[in-house]
Amino acid sequence: MTDYAIGWDIGGAHVKVAVIYQQNILAVHQHPCPLWQGLSELKNAVYALMPHLPSDKSHRHAITMTGELVDLFENRHDGVARIIETMQHLLSPTSLHIFCGVDGLLPIVDVTPDHYHAIASANWLASSTLAAKKIHNGLFVDIGSTTTDMLLFENGIVNAQGYSDYARLISQELVYTGIVRTAVMAVVHHVVDNGRTVGVMAEYFATMADVYRLTGELGDNHDQTPTADGAEKSIDASARRLSRMIGADFSKEELSRWQAVAKHIRHTQQRRIEQSCALHLARHSSTQPLPFIGAGIGRFLVKEIAATLDCPYIDFSTLFTSHLAHAFDPADCAPAVAVASLLD
C-alpha cells in the first residue's frame, strides 16, 4: 500500500489540500469554505476535496490552520479545538498530525490544549520553514487572497520576530492585504482618476478581485469568493463596482478609465507590501542580495517587488518535483504542501 502524505490548510475562506509521495507532489487543490457561516462549511469543503485524494483513508494527514480566527468561534482556543474535532471525524484519527508551530508536527494523540496557542494561525511557519530548509537564506513572501506573510530566514532557520497574529502585525511579518477578498477601501483612501485625486468611499462596494480582474491578473481558478454585490465576475461588472467607490457610474465606452484606476490601486497595494519587504531585508546582516521565495496566488507581485529591490526571485513551486495537470500548483497552496512535505 502506498503511504501518501496529505497536507491540509484550513482557512477561514478556503480549504487547501496537497498530496505528496516521496517528495513528489501528486495533487494540489483548493475549495471555498466560508467558515464563519458554520462548521458545516468545513465539512462540505472537505467532502468536495475527497474525490481528488487517494481513496485509501489509512494514509497520513497533516493539518495547519488559520480558520480559528473567524467569528464563528468564541476565541482562537475554541476555534482550534473545534476545527481539530471536526477534522478528526472527517479523516482517519489514527493517522492525523497537527502542525504546532515551533514544536512542528505532532501526532494528534500528543496534542493538548497547551498547544492550541501555537497551532493557531501557524501555517506561515510551515511554509517558511520548508523554504528555509531548501534555500537556507532568503525572504519568503506569500501573497494570498486575504493576507500577506513575509519571513526572513538565515542559515536554514526562520528568523521570526513574532508568532501570534498580534505580534506579527506589529513586526509587519503579517500584512493584512490580499488580492481577492480585501476591500478596496482598506487599500486606498484616494485614487487618481482622469488626472484628478478623488477620495474613496468607505463602503464595501468593491474588492481587490475587481482590481485584478481589470488588470487581467486574476485567474478563474483563484477567483472563488463572491463579489461585494453578489453580481457576476465579468470585466464590466468589476469596473461598475469600482466606479461606485468614487461616486461615479460605469459605461462600456470608459472601460480604459477604470482599468487605469485599477492599476493605481494595484500600485498602492504593491508599494505597501514592498515597504514591509524592504524593512525585513534591512535586518539581514549580509550585503549580498537575498532571494525572494514567492508563494500564494499573488506571487506575481512578489516577483515584481524582488526586481524593484534588486533581488533574485525563486518561485515556491520550483522547490519540488511535481507532475500536475490541473488549475493549481504548489505555490498556490504553500502551507498545505509544506505540512505534507514535512510529514513525508
List the lysines whose Cα sits under 25 Å from the Cα of K263, skipping any in the same chain fewer than 8 residues away.
K233, K252, K303
Mind pulling the angle between the C-alpha long axis of helix 299-308 and the longest principal axis of the chain? Nearest 10 degrees, somewhere in 0 to 90.
70
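Would you calculate the volume per residue, in Å³, of the smallest convex hull containing every Cα atom of the chain?
Roughly 135 Å³ of hull volume per residue.
By how many nm would the segment from R196 to V102 grow when fully extended, if each residue of separation counts as 0.36 nm and the alpha-carbon distance is taken off?
On the way: separation 94, 0.36 × 94 = 33.84 nm, distance 4.97 nm.
Length gained between R196 and V102: 28.9 nm.
So what are segment 38-112's ellipsoid semi-axes, whole angstrom, largest first, if each one is the square root of 5 times an eigenvalue of the alpha-carbon gyration tensor?
Value: 20, 17, 9 Å, ordered largest first.
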Mind running the shape call on segment 107-153? Use the C-alpha gyration tensor, a ≥ b ≥ c as the square roots of the eigenvalues: rounded below 1.5 for a/c, prolate if a/b tops b/c, oblate otherwise.
oblate
Sequence-distant residues sharing a close amide H with M65 (under 5 Å, placed H):
I10, S121, A122, N123
Fraction in percent of alpha-carbon pairs per bin - 10 Å, segment 230-277
25, 45, 23, 7
With the 1.4 Å probe rolled over protein heavy atoms, the chain has an accessible area per residue in Å² of 42
List, largest first, the extents of the alpha carbons of segment 203-320 along their principal axes, each in whole Å.
52, 30, 24
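Give me the dipole magnitude in Debye, nearest 20, for the chain about the Cα centre, with unit charges on the beta carbon: positive for Lys and Arg, negative for Asp and Glu. Spell out each step's value before the answer.
Numbers: 25 positive and 36 negative charges, 109 e Å.
With only Lys, Arg, Asp and Glu charged at Cβ, the dipole is about 520 debye.
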15 Å cut-off, amide nitrogen to a point 7 angstrom out along T321 Cα→Cβ, residues in segment 16-44
20-27
Give me the distance in nm between label points sitting 7 Å out from Cα along the Cα-to-Cβ direction at D236 and S256, one decimal.
1.9
With axes computed from alpha carbons, what is the tilt in degrees of helix 334-343 against the longest principal axis of the chain, rounded to the nearest 10 within 0 to 90?
10
Taking segment 62-133, which GluC sites (Glu not before Pro) meet the DSSP loop condition and have no more than 13 other C-beta atoms within 10 Å?
E74
Based on Cβ point charges of +1 for Lys and Arg and -1 for Asp and Glu, what charge dipole magnitude is obtained for segment 1-153 about its Cα centre, in debye rounded to the nearest 20?
420
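Under a 1.4 angstrom probe, counting protein chains only, how are W258, W36 ranked by accessible area, largest first?
Working: W258 0, W36 110 Å².
Result of the area sort, largest leading: W36, W258.
Can you send over the carbon and sulfur percentage of the accessible area for the chain, probe radius 1.4 Å, protein chains only?
Working: 7360 of 14490 Å².
Carbon and sulfur atoms account for 51 percent of the accessible area of the chain.
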Measure nothing fancy, just the Cα-based angle from helix 255-281's long axis to the longest principal axis of the chain, in degrees from 0 to 90, nearest 10.
50
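The values are calculated or read from the model by the stated rules, or taken from the named source; none is laboratory data. Note that the structure is predicted; figures quoted are calculated from it, not measured. No Cβ is skipped: glycine too gets one built from the backbone with ideal geometry, and neighbour counts run over all protein chains shown. Areas reflect the complete protein model, heavy atoms only, side chains present, ligands, DNA and RNA absent. Shrake-Rupley method; radii C 1.70, N 1.55, O 1.52, S 1.80 Å.
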